[in-house]
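Have a look at the structure below, then the notes.
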Amino acid sequence: MADFFLQALGQVGSPSVVALIVIGVLFGIIGGSIPGFTVTMAILVVFPFTFAMDPVSGVSLMVGVFVGGYSGGIVSGVMLGIPGTPSSITTVYDGYPMAQNGEPGRALGIGVAASFLGTLISVAVLVFFGPLIAGFSMNFRPWEITALIVFALTLVAGLSNGALLKGLLAAALGLLITTVGYDRNSNLRFDFGIPALGSGFEILPVMIGLFAFSQLMENLEKLRDEKDKVKGVDTNVAIPYGRILKDMAGQKLNTLRSSLIGSLVGALPGTGGTVANFLSYDQAKKFSRQPETFGKGTPSGIVASEASNSAVAGGAFVPTLALGIPGDLPMAIMMGVLILHGITPGPLMFEQNPVLVGAIYASLLIGAVVMVLCQLLLVRWFAKISLIPQEILVPVVLMLCAIGSYALNNNLFDIWVLFIFGVIGYLLWKAEVPLTPLILGVVLGNNLERQLFRALELDDSWMTFLTRPLSALFLALAVASVIFSLYQDRKIRRNRHKALANDA
């Protein structure tokens, strides 16, 4: 392990790759700083620029955006009281009150320090547990991989905020999209007489359309609600380094606990930074000797929030690299980068591409250091960037998305795909249909079909899925996930009815 890590460090440590990491971190922070832009949006905008790069350079750039994006949300959260990303919602609870009390630099400094430590701890989790899980999954055959993907999709659909049926339908729609074009036996499916559909839909335009387009439209709808908050914000921020060191010295256990929670939650498919954010904040409050100070500007709340959402980075790479199952939406895009470069994430990746795995480790470490330096040195500029009006931001981002989709194959049809799926994504969002299961269905659909056909070619009996212990376990977990989600949905509806009855 030490050999390939040192070899990877040599490649990642080259001036050109370090420069790409710096650019990625800067863009990620900027993206996270702008309310509504989100980490995922930043990654989607940068994705097309990796086409002409070698795998190490492309992945290093994306990792930089990933690390920077999760830490960038603190800027608008502290300065405006508006979370830059969904994974920094609880940062607002204490960061904004601290800024209102005349200490915005202290709030930002604590958040940056917690983000740095959270990233380091998550890298340690990735280094130790990634190879272990990959080694265990080396025994997986097509039956186990098929069952694992089914379990991942049901788990994601079950985490759809009380909308299990909509989540499952969204996942099924994502799988259906991947069936367009030629199958394994060269049979043409669902082309509707359009020659361009013979090769199926490209993942990038579909993902950008479904997520970025609908997200930007959502931002425009919320524009009027946020205008009043932006007025009169003082961006003249100074970081009190000595005070921050004292604050962090008293947050050792909180930082470790929140980072481990973030790493663990990040490793679960379909969860990500938002779930880790709320869970770690809740635990920090429960373990605190002064829980009444939470929500009023306590350092403990900022540390819990920022350490956990940054720790999601390393944790989310565990299932993506070891199993080929993306832990969250940004990881699904990261998986697309690897596939674009002809690398299939999964157990064999640790054997066939150990240097690339080591490059991801090294990029995370270098990205964490760059993030701290950029945040502390350029915090005033990031605070100003967070004030960019959505009227300017939306058309610029849409233009970049269109250019990126066209650059994939120099094909105008991909821009139409982006637009059509953008409209579909927007309509699904209006109907409160979760988009994450749909996008993961698109990412995992081809692999699910390939593994399922391979399993049936080896043994045409469907009972084999139940007679093999691991595949039977994953299928049982999938059923249990659906049953538990049904119970949760019923509980949510019951509580809503009670609330309505009380209001009446």
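Structure data summary
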{"item": "Those helices (runs of 4 or more DSSP H) lying entirely in the stretch 1-93 with at least 2 residues modelled with pLDDT of 85 or more", "result": "15-33, 55-80"}
{"item": "Check on Lys231, under 30 Å from Ala113 (Cα atoms) and either at pLDDT below 65 or open to solvent by 40 Å² or more (accessible area, probe 1.4 Å) (or both)", "result": "yes"}
{"item": "Helices (runs of 4 or more DSSP H) contained in the stretch 277-359 and holding at least 2 residues closer than 22 Å to Glu103 by Cβ and either open to solvent by less than 10 Å² (accessible area, probe 1.4 Å) or at pLDDT 80 or above (or both)", "result": "299-323"}
{"item": "Per-region count, the stretch 398-442, residues touching a residue at least 60 places away in the same chain (Cβ under 8 Å), in a helix (DSSP H, G or I) and open to solvent by 20 Å² or more (accessible area, probe 1.4 Å)", "result": "16"}
{"item": "Those residues of the stretch 461-476 which are of a type in the set (Ser, Thr, Tyr) and more than 14 Å from Leu148 (Cβ to Cβ), in sequence order", "result": "Ser461, Thr464, Thr467"}
{"item": "Condition met for Arg454 (assigned to a helix (DSSP H, G or I) and free of Cβ contacts under 8 Å to residues at least 12 places away in the same chain)", "result": "no"}
{"item": "Checklist (1) more than 14 Å from Ala152 (Cβ to Cβ); (2) in a helix (DSSP H, G or I); (3) open to solvent by 20 Å² or more (accessible area, probe 1.4 Å) applied to Leu473, failing item", "result": "(1)"}
{"item": "Residues within the stretch 101-111 that are surrounded by fewer than 24 Cβ atoms within 10 Å (Cβ to Cβ), of a type outside the set (Asp, Glu) and in contact (Cβ under 8 Å) with a residue 40 or more places away in the chain, tallied", "result": "2"}
{"item": "Residue check for Ala107: modelled with pLDDT of 85 or more and part of a helix (DSSP H, G or I)", "result": "yes"}
{"item": "Given (1) at pLDDT below 85; (2) over 22 Å from the mean Cα position of the chain (by Cα); (3) closer than 19 Å to Gly167 by Cα; (4) open to solvent by 70 Å² or more (accessible area, probe 1.4 Å), index of the condition Val482 fails", "result": "(4)"}
{"item": "Subset of the stretch 360-382 [surrounded by fewer than 24 Cβ atoms within 10 Å (Cβ to Cβ) and under 21 Å from Glu103 (Cα atoms)]", "result": "Val372, Leu373, Cys374, Leu376, Leu377, Leu378, Arg380, Trp381"}
{"item": "Selection count, the stretch 289-322, where residues are within 15 Å of the chain's Cα centre (by Cα) and among the aromatic types (Phe, Trp, Tyr)", "result": "1"}
{"item": "Within the stretch 179-204, considering residues that are in contact (Cβ under 8 Å) with a residue 24 or more places away in the chain and within 17 Å of Phe413 (Cβ to Cβ), the one least open to solvent (accessible area, probe 1.4 Å)", "result": "Leu204"}
{"item": "Cross-chain or 6+ apart pairs with Cβ under 6 Å, the stretch 477-496 first and within 20 Å of Glu144 (Cβ to Cβ), then of a type in the set (Phe, Trp, Tyr) and surrounded by 13 or more Cβ atoms within 10 Å (Cβ to Cβ)", "result": "Leu477/Phe151; Ala478/Phe151"}
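The values are calculated or read from the model by the stated rules, or taken from the named source; none is laboratory data. As the structure is a prediction and not an experimental result, all values here were calculated from the model. A quick note on method: Cβ atoms are made from the backbone with ideal geometry, for glycine too, and the neighbour counts reach across all protein chains shown. Heavy atoms of the whole protein, side chains included, go into the accessibility calculation; ligands, DNA and RNA do not. Shrake-Rupley method; radii C 1.70, N 1.55, O 1.52, S 1.80 Å.
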